[in-house]
Structures are given as structure tokens and as C-alpha cells.
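K.L.:
Please see the structure below; I have some questions.
The values are calculated or read from the model by the stated rules, or taken from the named source; none is laboratory data. The structure presented is a predicted model; accordingly, all values stated were derived computationally and were not measured. Counting neighbours? That spans all protein chains shown, and the Cβs are built from the backbone with ideal geometry, glycine included. With ligands, DNA and RNA removed, areas are computed over all heavy atoms of the protein, side chains included. Shrake-Rupley method; radii C 1.70, N 1.55, O 1.52, S 1.80 Å.
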Amino acid sequence: MTSYNDERSGGGGGDDRGQDPSSGTLFNVNYRKHDDLKQMLDQNKDALKLEAMKRIIGMIAKGRNASGLFPAVVKNVASKNIEVKKLVYVYLERYAEEQQDLALLSISTFQRGLKDPNQLIRASALRVLSSIRVPIIVPIMMLSIKDCSNDMSPFVRKTAAHAIPKLYSLDPDQKENLIEIIEKLLNDRTTLVAGSVVMAFQEVCPERIDLVHRHYRKLCSLLVDVDEWGQIAILSMLTRYARTQFLDPNKNDDGIDEKDRPFYEEDEQSSEEEEKPKKPTYIMDHDHRLLLKSSKPLLQSRNAAVVMAVSQLYYHVAPRNEVSIVAKALVRLLRGRREVQAIVLQNIASMTLKGKGVFDPFLKSFYVRSTDPTHVRILKLEVLTNLASETNIAIILREFQTYVRSADKQFVAHTIQAIARCATNITEVTDTCLAGLVSLLSNRDEAVVAESVVVIKKLLQMNPSQHSDIIKHMAKLVDNIQVPMARASILWLIGEYSEFVPKIAPDVLRKVAKTFVSQENIVKLQILSLAAKLYVTNHKQTKLLTQYILQLAKYDQNYDIRDRARFIRHLIMPSQAVATGSIHKHAKKILLAPKPAPVLESPFKGRDTFQLGSLSHAISGEAAGYQRLPDFPEEQPDPTCRNVEVPKATSGENKKSLRKPNKKKSFYSDEESSSEEESSSGSEDSESDSDDSDSDDESDEGRTSDTEGPDSRISESDSVPPPKRKTERLKRVEESESSSEDESSSSEEEESSSESEEEIPKKSKVRRKVGKQEVNLLDLDDFAPPTLTTSTNQSTGIMMPVLAADLQGISLADSASDVTSVGATPTMETFELLHRVTGGGLSAVYRYPRSPCIYDDRMVTIALEFTNNGDAIVEDIRMGEKNLQSGLRVHDFTPIDKIEPGASHNVTFGVDFCDTTQPLHFKLCTAKRNFNVSIKIPVGELVLPIVMSQDNFVKQQGKLAGMNENRGKVVVQGEAKAICSKVTEIVNVARVPSTQEHVIRFAGKTSHGGSFLLITIETSTEQRQAQLCVNCDKMVICSIIFKQIKEKLAS
Amino acid sequence: MIHSLFMVNSHHDIFMEKHWKTAIKKSICDYFFEALEKASSPEDVPPVITTPHHYLISIYRERLYFVSVITKEVQPLFVIEFLHRIVDTFIDYFDECSERSIKDNYVVVYELLEEMLDNGYPLATESNILKELIKPPNILRSVVNTVTGQSNIADRLPTGQLSNIPWRRTGVKYAANEAYFDITEEVDAIIDRSGSVVFAEIQGSIDAVVKLSGMPDLNLSFVNPRLLDDVSFHPCVRYKRWESERVLSFVPPDGSFKLCSYHVGSQGMVSIPIYIRHNIHYAGSGGKFEITVGPRHTMGKVIEDLKISASMPKQVLNVNLLPTQGDYNFNPVEKELVWDVGKIMAGKPPVIRGMVSLQSGVPVPEEKPTLSVQFKIQQLSISGLRVNRLDMYGEKYKPFKGVKYITKAGKFQVRT
């Protein structure tokens, strides 16, 4: 491999980066060198070309001009060697703009590349084509982007989304066309594309909020699964969206006084529910709630930018009492990198300016460490100051005391300002702070003293009469202190409050008058004011001094001072010529007018007007392209615009967007679909098909899940009532009918290329829908318990898929509410309870008739058969003392009076095993003897079969993933029927009507807890292999049944 | 978004640049150098710098500056996170991120930058995908490449890019399937001069090395998950499972990664495993210096690698100390005193004491040095967090599992 510095040897040293003293010869050497590179590029050997390209890239990387090589490089754009090609692309992206005419030579290669069967090549061709920034090819780019936005590979579509802003920046006139493409891509459901297209939307047409309506819910639900960078783009877009579409959740809060907030904040957090009913006027829009809900988990992202994006969303959009949840996550970010820390602190500082309560519990996290860089320290101080309140001021001040001793003087100065701000904000501690600050006046460091003086001056203004001793103390400092700002402050103080220090003031004036000439301008101005004020109040003592100072000032170099001097002179001692006198009379009033105490403001004030987390916020000024976050609208815009209607033509697309944001589920379903994609792009084994259908069904059922999903609040928000859903279903089937003609062609396509499969799901899903109807009906023959509805289907349904769908909808609604149990094939296998030898002639066997228990629906029915093998009558057989494990319940069988020798008697009883396999021990009593017997139930008998639709099955299966799933390959003997009987032999389950012949599903639920037990067997053509999957809430049952079935199937 | 990227070394030389849009002149970095000169230390450069037409967002890592040029409004954290991700990727590829390694691998670096950003917007950032696109360099491969003329660039699209598990590639195979988890906890604390704890909290992270074949689905559960106050996850972890069951359920990326980091709140009491007594006085031209350190609440574990460092005031000319254990080092230029104590055994606590000589003629320093403490305790998680079990689903083999606990000092400071 060529090293970065290799050229030095190759090029005779002329190529050194700026370090070479002989860089004057650079050009000569370069020309020679370029010839050499050109030769290498012209040769046929890839290795040489690669070598040359690497060196050229090295030149680009160092920022040196390699544009002279353009013709030689561009020839290789069609190189077969992929690495050469890539490097040529890199070169083109850099230089095409400068050599537009020559760059055109390469266009045809890219156009060819766009038709390549390999999606990687298509994508990279589009990338380069859109990156070369040659205005002439705008139409070509437009076409290519359009084509690629329809590409079947999501990766290519993603690239197309990336290309949109590139084209837009090249030619803004294309905006309308580009918006069309964005609109189309917004329809895309792939997480891969979602982030990129939103980013393009933000760049090109952030004002077209109307485009988002239809995709709003989809984007919310996809949010968790999009990549980190996409999440950021979507979050910032949705923040803007929410600000235009929802009402201000804090509108009714406005009455609450900001200052009181910290007290109430905690109460609010704890008693949110109580708080709610108090403000009945505002009810949050469901979609608004959905946004907050679906973005909340992202606070746990590892990516600081994502956390920040969620935080700003909450800050700008959520009700005030909910903002507190972001605090923890933001504080966590403070542990991150230095740069992250700085930006996050800036944002926290802005947040704390408004709502203190949010960060109150994390006060200590803002303590300054000795290793923090100065700008971080200052930000931390700012936050601490903002957080200060009556309750915590004591700890904060103690902490500040430590900081004041720091060696970092800039930091100390900021600390002093912070103390002053605390003092003004919290009146209780003003005196304490002031005392502390005064003690700092004796600090050895002048900067500290100066800063203290400045802030003390500000503090004194609030209540000067009580602090004349401090003023005196400060007057003494004038002699020593050199920092101009501090001197100026002291002088101002003395002038303003000379009545408290009547003796000292003229003396101070005398001292400063002596040094007037050598003072800084700012001090001179204050000396002038001091003189004027004293002249007005203490005319006798200071007249001469004042005149002297004014005289000096008159010839000062600075015109401000000259100007001020003239003004003061005329104000206080008007010359006879212009003695109008009217102003002069008011001189005292003018000079000693009561001045309002300055408000000590945060240096970061004003920053909070910008959107949190934005660049503008960071630089505290409007950055290029910053868009002010709009205010909430006064009137709620039409919320129904987000409802997705179901136009026939695109029903395939839309039913997806109706899907509810059950995040957990979507996560899993994505896994499923990912396996789909993997299998389709990878080897085409026979399993891929079944995988497909699995995941498709999965996404289907998401739509039905809303009736009983865990987020009942959200499902309420669904404006599509169930009947409508049914009609939608109906429509979809209609559609499927119409598209069933395409079926054959689409399946052909599917075979022809493996990649095309990704595009097809829409169609193939529809096809499967049709298939489902058929199979459903046909399969009924061997499905034991036909219900009334399905039998009607049988007679008429085949001809009328529409009706069938309708009916299925009904049955689905039923099954969703309660899954009915059905009888199943009873096993005849019997187990011995009591051997006749031990039983003294009486023997007992039991079996599981698998009928629902008549005593209690949680019990398992056990049939007992007593046989009297002896020769005496056995009398009074009953159940005796039972040794019950916790939770077991038994319903005794009816006692048997007597059994004649040779006769037998059948009884049944019910046992509630609590879904465990713990054995039931009990005493079997006869008139004469007691026998200890026990019944151990096979796991398979703990289950009751249930009827379930395939949709529901897949839905339930989706819920039972992870630990509740056992999956594995098994060896299968026999055909599907044999498999069925084998499974039902072991487990008391019912078969689920399936649309796929090779997938056999069984459903049952445990008798006690009603947990679903779902068994899926996917047979494959090859070598009696099958995939067995058992899902059950009860992990033990799950694994035991898995094992048992596996053994049984292999036998 | 990111318009250009400049890499700057500690001598303020721009040694590499990359432009994703129209090239921007190097001279833009002058604004950055200006800010650099103003700052007292490299750490102190503000992350965002405004110039008349552009904005510079920079990070400082591994003694290099990465300066990105921005033209339009963007979330600064977005850029900062991304720059760090670039550095992480370099470290992942070249084991280190230095000027040397970047220059040596400039072609790979360029290819990486090309793949990671398209038009300034992140494209592929997951290391698993990148590694499929561009093979990391190693000696063997570079030999093979020179001999056969093959390249580092993969010919086909990585499967992960297309799937919804972008962090994991398919078809992973290992002979020995193993999964190791390192639970590292760092104690952040500020202890004031009187020895009372001003602030203490625990920052933990779980780093994993997972080498498992196929598509395993792992469940990691804790004995006491309620301890964890605030958790951030690798994207592979399912949020909902954590929220509902407090179980980390995930399909792991291949290789090593940070599974999650957590925070054990400052509200709960954190037991500080060591105590430090100090006595530092200045008088005239000298001063007394004494530090005693000893273990406390270590739950029977040994404190290792104990190191105490102090940044002495600039008036300190030299120190003359005598440690009872370990040795010390004083850098008279940086005024940095480091006492390397090593292991603390039971028995007599280590002490260092002696004299400090001060520059004469200048006032006695007012501030006392803050002590930074570093230590390590093996096989202990100071928060008491324990892994309950690790279950694997989706694959049939039995993986080898291991969990290691370690407690370290984080930002542990003692004010004197």
C-alpha cells in the first residue's frame, strides 16, 4: 500500500507538504510528476492505475491541486477494477465542478451504472452523478433521481433522498419537481429511507407542512427504529410540525407566577393526575400525545444529539410539567465529551432561566471540578446561579466560596458576578452575600477586588442607606486599587451617596483630582460626575476642586471627556452670558435623580429566544438558514388531516400507516422483516418465502392490534372506528381481486430476480390475501370443529371473497374479544393410578379426555376408571385427604357406593394444576383402606385448544418473542397430517387455519392462566427438515413442549 | 450539513482535508487557529466558532483537532457527535487515531469519509457495515493486496445496510462462541476539605465483546435492576423490554461494543471506598505537605493502582517528600505532583510527607491544590449491581459467557 508520504520518494521530494524548503520548485516537479502519473493511468495494468489514483487521492487529501490530471483520470471512470473506480469517483466529486466540460465525458458511465442490476452500483452511480455539481446535467440528475426514487432497493431510494438537496442547491428552480419526489418518498415505510427523506424535506421545503399530515403517525411510530441521524432530522421536523398543528399545552398555566414555580414543581410531578382535572379546558390532541410518547424512549439513546433533539422537542412542545423527564438524560450527557458538555450546558442554562424546578434535583451535578475547562466552568456557574432559590442558596453559596479561592482568575470573576446575581435574586441572602463580597475586597488579587467592587456597587444601589460603612470601606480602597472599572465604580458610589459619607467624599475628590491626568477615560468621566455631584451638594468645600477638574478636562485628549466637561460646567456653574438659569435650577435634581438599581442579568440572556439545540442558540445569534420556531396557533388546526383515508389505489400503502405505534412490536416486526430482506438478498433457500409471509402477516396484524393493544390511550385516539376498519378490509380484498390477474406476472418477476422481491411485497401480500381466503376455506375439511360462520363460507364463500372477508372480519372481532375453546381429539392413552396388587384387587387408571371441565373452566378434566379385579365388593370409594401444593385445587369426583367384583366404574374429576407440572398427591379411600396415589400431568394436557385466526395467531406470536420463544430445527417424519396428529397427541391444541401449506400452526391456552401456547412448524422441502417454534408465556411449559414435540416428530 | 473537514495536528498544521461540497479554502482554519491561540489549553477552545460566512465546529481528541466547516443552521451536537464517531471509526480501523496512522492509511481514511457522509449528511456510520464495505487494513491483507492486486473495497452491498438490524452483519461464524461483559463503574466524587462528601455518584457502563455465530438474541437480566437510575443504550437494545421488565434484550453487534451506560443517582448514598487525610500549609518560603490515604468500605477487595495527583500552585519550586509506600514524581515545569501508591494492603495506611519549597519574594499562594485520585478495584461493582443471568435465544449452541466487574475512580477530587 502506498503510504501518505511515499510520494516524497517517488516525486523526488518536491511533494512535501509545505515543509519543503525548496517548494519554489513545486510546479516543475509537479508537472514532471503529473506526467508520470498520467503514464501510469494510461497503462492497462490495474495495479499501476490504482497506484496512481492512490497518489492522486493523497494529493487531494493534502489539499493540493490535482486538477491538471482530470483528463487522464476521467478516462478511467469505467474501469472494471472497483477500487480504481471508487477512487476516480472521489476525484470526480472533488474536481468535476472545476472542469465541467470534461466531466460530461463521464456522465454516460453513470447513466449506465444507474441501470446496473447491482444495487450498490446503482446507488454509487447516483451518488456521484448528483455530487459532481455540473449545472448542465440538471435534467439528467432530475430524471435519475426520479427513477431511483422508484427503485426497488431501499438503499438506492435512500441515495435518491440524499441526492435531492444536492440538486436543489445546484438549481433551486427544480423545487416543485423535487417536492413531488419528496412526497413520494415520504410514503416509503422503510426505516432506511425515512430519515433521509425527512432530511431532504427539511432542506428543500420545510414550509410544506401539509405534506407531513398523512405521514405524521407513521413517522412517530417509525421513530424508534430509524437510525440515529435520521431520528434527529425527524425530531426537529416534528417539533416544527407540532408547533404549527397543536395548541399550546401551557396556555392555561400562564397564570402561575414564574417565581412560584419551583415550589410547585415537585408537587406537580408527583400528583400529575390530581393536577389534570383542575384544568379541564385544555385537552391534549391525541397526535400531540403520540409524538411525546414515541419520542420519549429516545432519551435513552447513546447519541447525545438524539437526546438533545428529544429534549428540545419536550421543551418546546410538551406541557411544562412533563419537561422534567428530560433533565435526567441531559445531566447524563454532562459526563460525555468536552464539546458535548459545553453545548449541553448552554442549553441547560437556557432551560433553567425559564423553569428552575426541572433541574433542581441535579444541582450537585453542576458543581465545578478542577479539571473543567474555563468555558465549561462558566456555564456551570450560570446554571447554578439560575438554579439558586431560597431553599438551596446556602449550599450554593458554600460551593461558591470554594470557587472564589480558585487559581483561575477569570473563573473567580465570574463567581463573584454569580454571587451578586444570587444576592439580587434572593433578597434573604443579600446581606450575607454582600458581607462575603466585602471580605473579598481584602483579597490580594486585584482582579478579584475589582470585580467585587463592581458588583458591590450594583448591590448597594438597591439599599444604600444601610450600608454606609461599606461605602466608607470602599472609599478607602481608592488609593490602592488600579483597575479602572473598579475605581470608576467606587467614584460613582461616593458621588451618588455622598450624603452618607459627607466627610470623606470631598477628600476623595481631592485625591483623584491630583491624579486626574493619568487616569483612564472611564475613571475621568466618573471623576467629573463626582465633582459635579459634590459641587451641587457641598458647594463650599468643593468649588475650587471642581473648577480645577473641569479645567483639566477641558483640554483632555478625549472628546467625550471634553464634551462631558462642557456639559457639566454649563449645568452647574452657568456663565453670565447664557444665564437662562432654568436648567441650572434643576441641576441637583438632574444629577442626583434617584436611579433604578441595575438588574443583574444573566450573560446568556437572549439566547433562550432561539430554538434549543440549534446552532443559533450555541452562537447566540441567528445563523444562516435559521428558522424561528413558530408559535403555537391560537386555533386548533383541523386534526382530521392526519387521518389517513383509504383510497383504493394505494390501500396497500395506507393500511400500513394506520398501524399503531406499538413500539415493542414494531421492533420485533422489524427484525422479522429484516430477516426477510436478508434472506431475499442472500441465498434463495426455500425458507425465505415463509419468512416473508410471516413478517407480512406481522405487519398486517399491527393494524388489528389496536383494539387490545397495551396503549389504550392511543387506541382511543384512533379516529377510525372498528366498522370502518372492516370496510377497509373489504376494500382491500376487492383490490386484491382486481390485482389477482397480475399475480402470475408478479410471481414471475419474483423468480426472475431475487432483489425484486423487496419491491413486490405489496403485490405479493395481496396475492397471499387471496390465497388466504382460499386456503382458509379449503382447509376446513380437515379442521375438526367447524363453526357456523365458516360453514357458510364453505358453501358460498369461495365464489364471493368479498363476503368471505366480511365474515372473517366478524369472526376476527369475536376471537379478539375472547378466544373460544373447542373440543379436540381426546387421547386414549391411560395412566395407572392404582395397581391392582397394591390396591388389593381394586385398580384405577386415569386418562385425559380433553373435554372442558364442567366444574371450573380452569380445571383439567381427568377421567378415572375403577375396576374391581378382586372378589369382594369394594365399597365407598371416595377421595380422601389431599396433599395439595400451593394453588392446586381439586374438585372431587362423586363418591362411588360400591363396585361389584369384575365390574368397573367411570368417574371424572377436575384439577386445577395452576399451569405447573407439580404432581397431585391424594388419598384414595375405600371403606376399608386408604391408598396414597399421585397424578402427574403431562405438560401437553395443561393446555386447552382454542380457535384462532391466523392473523391473531401471528399477532400473539409477535408478543411472545425472546424468552418466551423456543425455536429450532427439527427432523420430521411423515407428512403434514402425520405431523398434526403427532402434535395433537402430545399437546392438547387446535390447528390454526393457515394460508400457507407448509406452515402448520397450532394454538392453545393454558387451562389455569389462559396464557397462549402457540406452535408453529414450518416444513421445508429438503430432507424432512422443519423449523419448530413454540411460544408461550410460561417459559417452562414452552421449553418442555418444545422438547417433547421435537422428540415426537423425530420418532 | 458538514461542508468540509480539516484535520489539524498539535503543531497547527492541516494535514488532511476533505470536502463534501464545493471545496473551501484552507484559510478558513485561520479563525480556528486564532481561537486556539486565545485559549489557555487545547481543551479550552470553544466548540463552535463563528466566522463571517461559515461556522467552525471542532473537536479535540487524541491530540488532534477535527475542524468541520458548516454553512447553515444545524444542531451543533449533531456535528460533534458525528466527528467523534469518525474518530471512533478510525480507532476501530487503525487501533489508534494519530496523525501517523491517518497518514499511513490515507486511502482508507478517504474511502471511509466518503462512505460515512454523503453531501455532508451521515450515510453509514455503523462499524459493522463500514467493515463490510471497506476492509480494515492489516499486515496480512496489505501483503495479499500487493501480491494479488486486490483491494480493500468490498464488491457487494453489506447486508446489514439493508436490514433493520444495521449493527449486525449476517453470516457470522465463530468456532468458539463467547460473550463477555465488563461492568465498569466509575465513582465521581467531590470531597471537601473537611473530608465530607459534597457530591458522589456512580457512572457505570457495560462493555461487551460478543463473538457469537448467527443471529443470537440475548437477554441480560440483573439481580437488582432498580439501582440503575438512568440508562442509555446501544441502538440494539429494546427500549420497551427495559421499560416493562428491566431486562436488556438485544441482538448484539458483532465484536466489541458498549452495550449501555448507566448512572446510579446521587440521591442514593455512594460508599466511597477510600479516605484521604491531608495537611498542606504554606509559610514563608516553604510549606508542609502530608497526605494519608487508606481503604474504607471495600468489601474485602484490594484497592489497586492508586495514584494521587495534585496540581501545585505556580509558586512552588520543588517538593521534597518521603512516601512510606510507592514513589512520587514532581514535574517542576507543569507543577504536577504524582504519587503512585500502588496497592493498598491492610495495616498501616500509606503516608507521604515532606516539605515544599516556595519561590521567595512572591506572596504565599492562597489556593491549595486539588487532589485527583485514581484507583481500581477488581471484582467489585461499587453500586452493588449484579448480573443475574444471560440467556440466548435464536441460536442453538451453548455460548461461553463471562461477566467481569471493576470499579474505578472517575472524576474523583479532594479539595484541600
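K.L.:
Limited to the range A:60-84, what total is found for residues that are within 11 Å of chain B (Cβ to nearest Cβ), assigned to a helix (DSSP H, G or I) and surrounded by fewer than 22 Cβ atoms within 10 Å (Cβ to Cβ)?
P.N.:
Within the range A:60-84, residues that are within 11 Å of chain B (Cβ to nearest Cβ), assigned to a helix (DSSP H, G or I) and surrounded by fewer than 22 Cβ atoms within 10 Å (Cβ to Cβ) number 2.
K.L.:
Quick one: is A:LYS589 part of a loop (DSSP other than H, G, I, E, B) and modelled with pLDDT of 75 or more?
P.N.:
Details: part of a loop (DSSP other than H, G, I, E, B): no; modelled with pLDDT of 75 or more: yes.
So A:LYS589 does not fit the description; no.
K.L.:
Conditions: (1) part of a helix (DSSP H, G or I); (2) surrounded by 18 or more Cβ atoms within 10 Å (Cβ to Cβ). A:ALA394 meets all but one. Number of the miss?
P.N.:
Status for A:ALA394: all satisfied but (2).
K.L.:
I would also like to ask the following. For the range A:341-348, does any single residue satisfy the condition of being more than 18 Å from A:PHE604 (Cα to Cα) and within 10 Å of chain B (Cβ to nearest Cβ)? Let's see the steps before the verdict.
P.N.:
Let us first name the residues in the range A:341-348 that are more than 18 Å from A:PHE604 (Cα to Cα), namely none.
Checked the range A:341-348: no residue is more than 18 Å from A:PHE604 (Cα to Cα) and within 10 Å of chain B (Cβ to nearest Cβ).
K.L.:
Within the range A:234-247, identify whether any single residue is at pLDDT 90 or above, under 21 Å from the mean Cα position of the chain (by Cα) and polar (S, T, N, Q), and answer yes or no.
P.N.:
Scanning the range A:234-247 turns up at least one residue that is at pLDDT 90 or above, under 21 Å from the mean Cα position of the chain (by Cα) and polar (S, T, N, Q).
K.L.:
Right, here's the next one. Please name all residue pairs, on different chains or six or more residues apart, with Cβ atoms under 8 Å, provided the first residue is in the range A:127-147 and is more than 19 Å from A:ALA200 (Cβ to Cβ) and the second residue is of a type in the set (Asp, Glu) and surrounded by fewer than 21 Cβ atoms within 10 Å (Cβ to Cβ).
P.N.:
A:VAL134/A:GLU97; A:PRO135/A:ASP171
K.L.:
Taking the stated definitions as given, is A:ALA565 crowded, with 16+ Cβ neighbours inside 10 Å, in contact with an Asp or Glu (Cβ under 9 Å, 6 or more places away or on another chain) and farther than 26 Å from A:ASN463 by Cβ?
P.N.:
Working: crowded, with 16+ Cβ neighbours inside 10 Å: yes; in contact with an Asp or Glu (Cβ under 9 Å, 6 or more places away or on another chain): yes; farther than 26 Å from A:ASN463 by Cβ: yes.
Considered against the rule, which asks whether it is crowded, with 16+ Cβ neighbours inside 10 Å, in contact with an Asp or Glu (Cβ under 9 Å, 6 or more places away or on another chain) and farther than 26 Å from A:ASN463 by Cβ, A:ALA565 comes out as yes.
K.L.:
Count, please, the residues in the range A:139-170 that happen to be surrounded by 15 or more Cβ atoms within 10 Å (Cβ to Cβ) and either under 19 Å from A:LYS115 (Cβ atoms) or away from chain B (no Cβ under 14 Å) (or both).
P.N.:
Within the range A:139-170, residues that are surrounded by 15 or more Cβ atoms within 10 Å (Cβ to Cβ) and either under 19 Å from A:LYS115 (Cβ atoms) or away from chain B (no Cβ under 14 Å) (or both) number 20.
K.L.:
Could you check how many residues of the range B:352-372 are part of a strand (DSSP E or B), crowded, with 22+ Cβ neighbours inside 10 Å and within 14 Å of chain A (Cβ to nearest Cβ)?
P.N.:
Residues flagged as part of a strand (DSSP E or B), crowded, with 22+ Cβ neighbours inside 10 Å and within 14 Å of chain A (Cβ to nearest Cβ) within the range B:352-372 amount to 1.
K.L.:
A follow-up question, please. Could you check, for the range A:30-48, whether at least one of its residues is within 10 Å of chain B (Cβ to nearest Cβ), buried (at least 21 other Cβ atoms within 10 Å of the Cβ) and in a helix (DSSP H, G or I)?
P.N.:
Within the range A:30-48, none of the residues are within 10 Å of chain B (Cβ to nearest Cβ), buried (at least 21 other Cβ atoms within 10 Å of the Cβ) and in a helix (DSSP H, G or I).
K.L.:
Taking the range B:396-416, which residues are facing chain A (nearest Cβ under 10 Å) and of a type in the set (Lys, Arg)?
P.N.:
Once the filter is applied, which keeps residues that are facing chain A (nearest Cβ under 10 Å) and of a type in the set (Lys, Arg), the range B:396-416 yields B:LYS396, B:LYS411, B:ARG415.
K.L.:
With the condition being in contact (Cβ under 8 Å) with a residue 24 or more places away in the chain and within 24 Å of A:ALA1003 (Cβ to Cβ), I'd like the strands (runs of 3 or more DSSP E) fully within the range A:849-956 carrying at least 3 qualifying residues.
P.N.:
Values: elements: A:860-868, A:874-883, A:889-891, A:896-899, A:904-912, A:920-925, A:930-935, A:943-945.
Passing ranges, in order: A:860-868, A:904-912, A:943-945.
K.L.:
Hey, among the residues in the range B:301-351 that are on the phi > 0 side of the Ramachandran plot and assigned to a loop (DSSP other than H, G, I, E, B), which one's surrounded by the most Cβ atoms within 10 Å (Cβ to Cβ)? Give the derivation first.
P.N.:
Initial filter on the range B:301-351 (on the phi > 0 side of the Ramachandran plot): B:305, B:326, B:335, B:342, B:347.
With the extra rule that they be assigned to a loop (DSSP other than H, G, I, E, B), the set shrinks to B:326, B:335, B:347.
Details: B:GLY326: 16, B:LYS335: 18, B:GLY347: 7.
Step by step, filter the range B:301-351, then rank; the result is B:LYS335.
K.L.:
Within the range B:230-239, does at least one residue satisfy the condition of being surrounded by fewer than 19 Cβ atoms within 10 Å (Cβ to Cβ), within 13 Å of chain A (Cβ to nearest Cβ), closer than 26 Å to B:ILE377 by Cα and under 25 Å from the mean Cα position of the chain (by Cα)?
P.N.:
Within the range B:230-239, one or more residues are surrounded by fewer than 19 Cβ atoms within 10 Å (Cβ to Cβ), within 13 Å of chain A (Cβ to nearest Cβ), closer than 26 Å to B:ILE377 by Cα and under 25 Å from the mean Cα position of the chain (by Cα).
K.L.:
Cβ-Cβ below 7 Å, separation at least six or inter-chain, first residue in the range B:235-263 and more than 11 Å from B:ASN219 (Cβ to Cβ) and not assigned by the TED database to the domain that holds B:ASN224, second of a type in the set (S, T, N, Q) and open to solvent by less than 10 Å² (accessible area, probe 1.4 Å): which pairs?
P.N.:
The qualifying pairs do not exist here.
K.L.:
Evaluate the following for A:ILE568: is it in contact with a Lys or Arg (Cβ under 7 Å, 6 or more places away or on another chain) and outside any loop (DSSP other than H, G, I, E, B)?
P.N.:
Numbers: in contact with a Lys or Arg (Cβ under 7 Å, 6 or more places away or on another chain): no; outside any loop (DSSP other than H, G, I, E, B): yes.
No; evaluated as a whole, the condition is false for this residue.
K.L.:
Given (1) more than 26 Å from A:THR371 (Cβ to Cβ); (2) assigned by the TED database to the domain that holds B:GLY326; (3) of a type in the set (Gly, Ala, Ser), where does B:GLY354 come up short, assuming only one miss?
P.N.:
For B:GLY354, the exception is condition (1).
K.L.:
Kindly indicate the residue of the range A:211-221 that is open to solvent by less than 20 Å² (accessible area, probe 1.4 Å) and farther than 16 Å from A:ALA200 by Cβ and also farthest from the other protein chains (Cβ to nearest Cβ) among those meeting that condition. Walk me through how you get there before you give the answer.
P.N.:
The initial filter retains those residues of the range A:211-221 that are open to solvent by less than 20 Å² (accessible area, probe 1.4 Å), namely A:211-212, A:215-216, A:218-221.
Then keep just the ones that are farther than 16 Å from A:ALA200 by Cβ; that gives A:216, A:218, A:220-221.
On the way: A:TYR216: 21, A:LYS218: 15, A:CYS220: 14, A:SER221: 13 Å.
Of everything passing the filter in the range A:211-221, A:TYR216 is farthest from the other protein chains (Cβ to nearest Cβ).
K.L.:
Another question about this same structure. With the requirement that a residue be more than 12 Å from chain B (Cβ to nearest Cβ) and not in a helix (DSSP H, G or I), what does the range A:95-108 give you? Give the derivation first.
P.N.:
Our first condition is that a residue be more than 12 Å from chain B (Cβ to nearest Cβ); within the range A:95-108, this holds for A:99-108.
Once the filter is applied, which keeps residues that are more than 12 Å from chain B (Cβ to nearest Cβ) and not in a helix (DSSP H, G or I), the range A:95-108 yields only A:GLN99.
K.L.:
Scan the helices (runs of 4 or more DSSP H) fully inside the range A:109-177 and keep the ones with 1 or more residues being of a type in the set (Asp, Glu). Before the answer, list the steps.
P.N.:
On the way: elements: A:119-131, A:138-149, A:154-170.
Those helices (runs of 4 or more DSSP H) span A:138-149.
K.L.:
If I filter the range A:179-190 for residues that are in the same structural domain as A:GLY113 (by the TED database) and under 16 Å from A:SER131 (Cβ atoms), do I get at least one hit? Walk me through it before giving the result.
P.N.:
Start the filter on the range A:179-190 by keeping residues that are in the same structural domain as A:GLY113 (by the TED database), which leaves A:179-190.
Narrowing the set further to residues that are under 16 Å from A:SER131 (Cβ atoms) leaves none.
So far as the range A:179-190 goes, no, none of its residues is in the same structural domain as A:GLY113 (by the TED database) and under 16 Å from A:SER131 (Cβ atoms).
K.L.:
I would also like to ask the following. Every residue in the range B:390-416 that is over 29 Å from the mean Cα position of the chain (by Cα) and among the small types (Gly, Ala, Ser), please.
P.N.:
B:GLY394
K.L.:
While we're here: Quick check on this structure: which one of A:VAL453, A:VAL448 is open to solvent by less than 20 Å² (accessible area, probe 1.4 Å) and under 24 Å from A:PHE366 (Cα atoms)? Working first, answer last.
P.N.:
Working: A:VAL453 fails: under 24 Å from A:PHE366 (Cα atoms).
The unique qualifying residue is A:VAL448.
K.L.:
Looking only at residues that are open to solvent by less than 30 Å² (accessible area, probe 1.4 Å) and modelled with pLDDT of 80 or more in the range A:987-998, which one is nearest to the chain's Cα centre (by Cα)?
P.N.:
Filtering the range A:987-998 for residues that are open to solvent by less than 30 Å² (accessible area, probe 1.4 Å) and modelled with pLDDT of 80 or more, the one nearest to the chain's Cα centre (by Cα) comes out as A:VAL992.
K.L.:
While we're on this one: Inside the range B:252-303, can you point out the residues that are within 30 Å of B:HIS234 (Cα to Cα) and among the acidic types (Asp, Glu)?
P.N.:
The one that is within 30 Å of B:HIS234 (Cα to Cα) and among the acidic types (Asp, Glu): B:ASP254.
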